[in-house]
Structure formats: structure tokens, C-alpha cells
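Nothing in this text is a laboratory measurement; each read-out follows from the coordinates by a stated rule. Only a predicted model underlies this, so the values are computations on that prediction, with no experimental measurement involved. Every residue, glycine among them, receives a Cβ derived from its backbone with ideal geometry; neighbour counts consider all protein chains shown.
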């Protein structure tokens, strides 16, 4: 094996790929050839580091220098200065490394310091398309241990002791789930993976699939052994082409190495994996709907019980976990349950990966120990709110979740505290919202999503969410009526009680949660016809600032309804509020930024 | 089953052959309807009636069930799509960053609504739910190209690239 003196890891996840990571990669190889460094420096395709906003990212080892926001032209400088002469190019380093004169390792950068990467342990560190690199990082060691040293019941026992809970949303104890599936009697059982990450604003699973696909393959084989299944399915979104490709490759490689297929490691254990693509239906993230979809049908949920562990895919006992849950399994097997229970809080052990997005400086992916506070996530890891704005609320759990208001910013995040606050862990989307975000509008946004994605099987969800959306729409459009808020509450209660599946039952959550903390905003919309955050267009008044206006007339010329009056060069123009349709064209066209909405 | 006109016979046959290969590949595989529809749509760009009929006959699945599956999943289309498929992400992160304004701009510039296709068949417009690139919000995908951190004022410039 050839030894290199330096490794250059180019992130090729979806975020960086769209930032032209491929061009950076090619240019890097070309420059290294030019400078005859190809025998000394190795260029590696890596998975997501989580710094999606500042992509494309390049990390050079052994220094651990993170270069971000690169242009193709910067590559030559990095090669000549850093790789040839050993001088780090400071101006191109990632944000908070810049201030410091010395170079820090990855773990010392603010963004990473508070993180603990278990599920993401290999993301951005190894080449996801190479099984050898995974093997070098203890890959398939847990599977080997399980197959050669442990009984299936022992594996389940380790998981139960680790107190790992499902990372897909509800947080059901994983070991118990495995035990149910193991105890179910049948000749044929299945192990499935939910990689249909449908929550808007969540991309944790995508990064694991793209950055470390073998960890999923390994964990599913372990699960197969533990519950007595020889066949597995991974149900993955078709919207994730890079993830699908790398997963396919990982399965092929594992088969080649005898780590998947017949008689794995000569132990007589057989396990095969198949990939099934989703086709864009949010409801397929619900477990019974997902299994129905793998069967090739409309992905509609069915009542539980029977639970999939008893009667799942094609009526057979089926174990179903999500990607992040599986990714935690190999390290738990290798390091033991006690190691895992040291991390986290009393009832939520380990870490959780969050996709942090919205109004925050470092958008991207973070993995933090359970019990980390929202304040730490936003200000220490996330770098705070852009443009000096105030933090208003964080939304977790997507369309099934709720929001955490600024007053609870110091609550430690775990499964139970989030439920107490009226939100939920969900799959890990964490959307940060600043003072300009209208909470009524956000609730309306989620209901619009639910109405769109309701599968239509049960009336409480199909009709109830539609009625809620109608009410929310009229409130945000300034047509809210006295009593609307109470109607929303009644509908919410009934839908929660009567909907068939988890998605329907949780659909009213965004409304209930915003009502709990921001009822005054709802009231302002309904009674005063005002949007305190200034986000609901129909409730805004567009005004021209007479002092800034140069009376050029561009606004009046562009107004589609002739609502702006005035004469060129003869004093400021004025918007006639009765005529204004609040399209915002004038704001966009004004060359002097004299028009604003309030 | 060759209901083709003579002028483009070879072209149509090639697609039909590929469809036959797909159906053969999945023969005997359980729950194969969705993968077959995926690959058929890749071949034809959408799922025309005669393709559904072929699949129904070969796979012994009633037409009603096939239609039910196609209309359930948003990725399957009964109509041809534009040469360039514009997908404006309306996931939460994008929404918070003003994705709806971007969508409005596309509608205005193209003169079509969501789900529509321009008359020349060049552009079709869709609103989609999270492409998982939340770090780049607001995000638009045009075929395989991803545009992140967009402002409404940049829409026109982007469209020009494809005209």
C-alpha cells in the first residue's frame, strides 16, 4: 500500500456538489499532476462534513485545515502554497478558524467542538465509495463480532442495555423493537430500513447514506442476524440520486467481500439486501405505509396493531428502523452499552443528528449529545442569527412537530423535554426562525404541506386538515373572523383523536404549538388585521419614504394596478392604499430603496 | 402491439425493447410495479396510456391498480414534462428563506402555473418538498442542476441560460 504525506478530502455530498465540488476535485488532480505531487498527495472523495452553507469544502490532512467556499481559481494557490511549500492559505480557511493564527484540528473548530459524531463518525472522513476505507475504520468489525462471538439474544440484550431509541421520530426503544421481531415466529422475516426522509428541512439520513453507506449495510446485517431474517429492504427516496448510487455500490462491494449474501464470513448466516425507491409520497415515511409501498401498492397506512414486528411486509414479521438508528448500532456493539449510556440524558441516551437550517449562520448538519441546549446549538455551533436579528423560535419535528420559543432556549434537548414543550424530536430537522418569521404563516405552511400529502384514506386527516388550512389562510389574508382560533382548536383536537396514522394524528401539532406560545400573534391577525412580524403580505401597508424618494417615477411605471401617484421630479410619489394589491413590485424596482412594507 | 407509424418506427421500437427488458428484469420479483414504473418513466419521460397497458398485460396487474399507483405518487406523471424541469423547493428551510417569492417569480416569467408546461415544451414548473439541500436554501433544481441561495431577481438570468 502506498503511503502519502498528505490527503486532500473533497466533500462530494449534495450540498457541495451543487457548489461545483466536482470542478474543484478535477482541478486539484490536474494541479497535483502539474506539480508532480501525485505520489505524495492523495485526493479523496468524501461525504458530508455538515458545513453545507460554506461549500465546496476541502480538508487537508495531516493539518486538518478546512478550506471552504472555494473557487476553482483558488485550487492552484492551495496546491502551490499549502501542499508544495507547506504554508496554509489562511484567507481560504473556514470561518472561525480564520481569526486564529495557528491551525486547529477539526475538533477544535467551534462548529465541531460541541459535537460528538457517532452516527456521522465516518462522514467526511472516509471515501464512501471504498469498502477498504470503511474496513480500515473498524468497518464490519461489529458484524464479525456478532456473527462469531454472540448469540442473537445477546445482540438484542446489548441494544436494550444501550437504551438506544428510534431516531426516526417517536423514539421507541430500539432493543425492544428488535426483541418483538425476534420473538415473532415465522419461516420468513424481513429487516427494512426507512430511508424515505420526507420531512421538509431534514437531510440527516441523506448525509449518512452519501457519506457512510456501509454503516447502514453492516447494521442491517447485524439486525438480520439478531431477529432471524435473511432478507432486507432499504426504502429510499428517489430524490436522493447520489445516495442511491453509493448505496448500490456499497451493497455490491459487501457482496464481493463476502460480507453480504450467502454464508457470510463462513458462519452459515445468509443475508441479502435490496433497494426500493420511493416515488415522492410523504406518508410513506409512516411504517405501515412504507411497507405497503415496498409491496408495490399505493402507500396508504393501515391500523396498528398488528405491528410490523408481528405482521409486516407481505404479512411476515418485519423489523423497521430508520437510517440514523441503524448507524448507531455498530459502534454500540463494538464499544458496549455502557459507553453509549454515558452520553446523553437520563432517558435519552447517545447523540442526535440535526439538520440545522433557516435563519442561522452555519446551516448544515450537526451531531450533538442529547441534552445539549438550543442556545448552544444556535450560538456556539450555529454561529448565531444572521443580520443581527433576534431569535424567535426553533421548529423541530417537521409537519408533525412544533416550535420551541426563545423563552425556552436553555432547555436541554431530548425526547421528553421536547414533548413537554409541545414539540417533538422528529427525524431531526431544526429550523431556526428570526423575528421576521410569522408564526401563523408557518403554521399555515405546514398545514398546506399536510393537505398536499394526506393520503386521503381517513376523513379526519383528509377533510379536517383542509378545513384547518382554509381557516389559517383566511387569517393570514386578513379575513379572519372572531371564533376562528377556537374553531382551529376544536378541529385540532378531533383530528388528533380520530386520524388513522401517526402522520394524521400529529398534523395539527404545528397549529397547537404556535397557538400555545404565540396566541397573541393569531389574535393580532384576526382582530387588528396586522401581522406583527411583517411577513403576511396581505396585511402589510406599502409606503414610500418621502425623504428618500427622488420622484423618478419608476415605481409608478411598474405598478400593475396604477396605485402609485405623483409627477416626475415634482416631489415624492404616494401609494394609494385602497388600490394597492401588495404585490411588492415597487419595492423591487425602486433604485433608492425608498419603499418599504410595514 | 406495434401501433407505430412507419416514419418513426425504429425509434419507438427501441423504447419498446427497453421496456420489455425492464419487465423481464423484474419478472418474478415481488412488489415490482413501482420499480418498473420508475424505469418506464425514465425511458418515456412520462407514463403514456399504451405503456401502462403493456405493463398491465405483462405483469398481470389490473389497469385500475396501475392508475391508482401512478396517481398516488407525485413522481409519476401521466403528462409529458418539459425539456427542462424546474423544481422549486418549498421545504421548511427554503420557505423560511422566501422560496415562495422565487416560485412566484418563475410563474410570472414563464406564464405558467405549478404543474404546467410552457407551450414550446421547454420548461415545466413544479413545487417540490425538500430536496435535502437545506444548507443552500432557497433551492431550485433545473433537471440535475442545483441553484442555491437564490434571490427572486436572479430568476430571469437563470432562465436565460436554458433558452
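Antiparallel as a % of all DSSP beta bridges within segment B:21-163, to the nearest 5? Kindly include the intermediate steps, with their values, before the conclusion.
On the way: 7 of 13 bridges.
For segment B:21-163, the DSSP antiparallel bridge percentage is about 55.
What the Cβ-Cβ distance of residue A:73 and residue B:60 gives, at R0 = 56 Å and to the nearest 0.05, is a FRET efficiency of 0.40. The peptide list A:246-252, A:363-369, put in order of mean Cβ contacts within 10 Å with the highest first, becomes A:363-369, A:246-252. The spacing between segment A:265-331 and segment A:408-430, judged by their C-alpha centroids, is 26 Å. From the Cα gyration tensor of segment A:412-481, with a ≥ b ≥ c the square roots of its eigenvalues, which class applies: rounded if a/c is under 1.5, or else prolate if a/b is larger than b/c, or else oblate? Oblate, since a/c reaches 1.5 and b/c is not below a/b. Sorted from greatest to least, the principal axis extents spanned by the alpha carbons of segment A:6-113 come out as 36, 30, 20 Å.
Averaged over its residues, how many other protein chain Cβ atoms are within 10 Å of peptide B:135-148's Cβ atoms? Numbers along the way, then the final one.
Working: counts 21, 10, 8, 0, 3, 0, 2, 0, 0, 3, 1, 5, 1, 6.
Mean shielding count: 4.
As an equivalent ellipsoid, segment B:6-72 spans semi-axes of 20, 13, 10 angstrom, where each value is the square root of five times an eigenvalue of the C-alpha gyration tensor, largest first. Cα centroid separation, segment B:34-99 to segment A:440-497: 28 Å. Once the Cα atoms are used to define both axes, helix A:464-476 deviates from the longest principal axis of chain A by about 40 degrees. Taking every DSSP beta bridge that has both ends in chain A, the antiparallel portion is near 55%.
Here the spin labels are modelled as points 7 Å beyond Cα on the Cα-Cβ line, and at residue B:101 and residue A:416 they lie 4.4 nm apart.
Where the eigenvalues come from the Cα gyration tensor of chain B, what are the semi-axes √(5λ) of the equivalent ellipsoid, largest first, in whole Å?
On the way: eigenvalues 237, 71, 32 Å².
Equivalent ellipsoid semi-axes, largest first: 34, 19, 13 Å.
Mean residue ellipticity, 222 nm, helices only, the protein assembly as shown: the sum of -39500 (n - 2.57) across DSSP H runs of n ≥ 4, divided by residue count and rounded to 500, is -11000 deg cm²/dmol.
In whole percents, the pair-distance distribution calculated for segment A:351-434 from its alpha-carbon pairs, binned every 10 Å from zero, is 20, 61, 19, 0. Using alpha carbons only, how many degrees (0 to 90, rounded to 10) separate the axis of helix A:213-227 from the longest principal axis of chain A? Rounded to the nearest ten degrees, it is 60. Rounded is the label for segment A:138-339, because a/c, from the alpha-carbon gyration tensor with a ≥ b ≥ c as root eigenvalues, stays below 1.5. In terms of the mean number of neighbouring beta-carbon atoms within 10 Å, the peptides B:135-141, A:315-321 order highest first as B:135-141, A:315-321.
Taking a ≥ b ≥ c as the square roots of the eigenvalues of the Cα gyration tensor, the protein assembly as shown is rounded, since a/c falls below 1.5. Counting only other chain Cβ atoms within 10 Å of each residue's Cβ, the peptide B:92-104 averages 6.
Give me the inter-chain shielding for A:542-549: mean count of other chain Cβ atoms within 10 Å, whole number please. List each step's numbers first, then the result.
Numbers: counts 0, 0, 0, 0, 0, 0, 0, 0.
That average works out to 0.
DSSP beta bridges fully contained in segment A:8-85 are about 60 percent antiparallel. When both segment A:25-95 and segment A:507-576 are represented by their alpha-carbon centers, they are found 47 Å apart.
Cα convex hull of segment A:541-597: mean projected area in nm², to one decimal? Orientation-averaged projected area of the Cα hull: 3.1 nm². Dividing the convex hull volume of the alpha-carbon atoms in segment A:70-215 by its residue count gives 193 Å³ per residue.
Per residue, the convex hull spanned by the alpha carbons of segment A:439-528 comes to 72 Å³. Quick one: angle between helix A:484-498 and the longest Cα principal axis of chain A, in degrees between 0 and 90, rounded to 10, please. The angle comes out at about 20 degrees.
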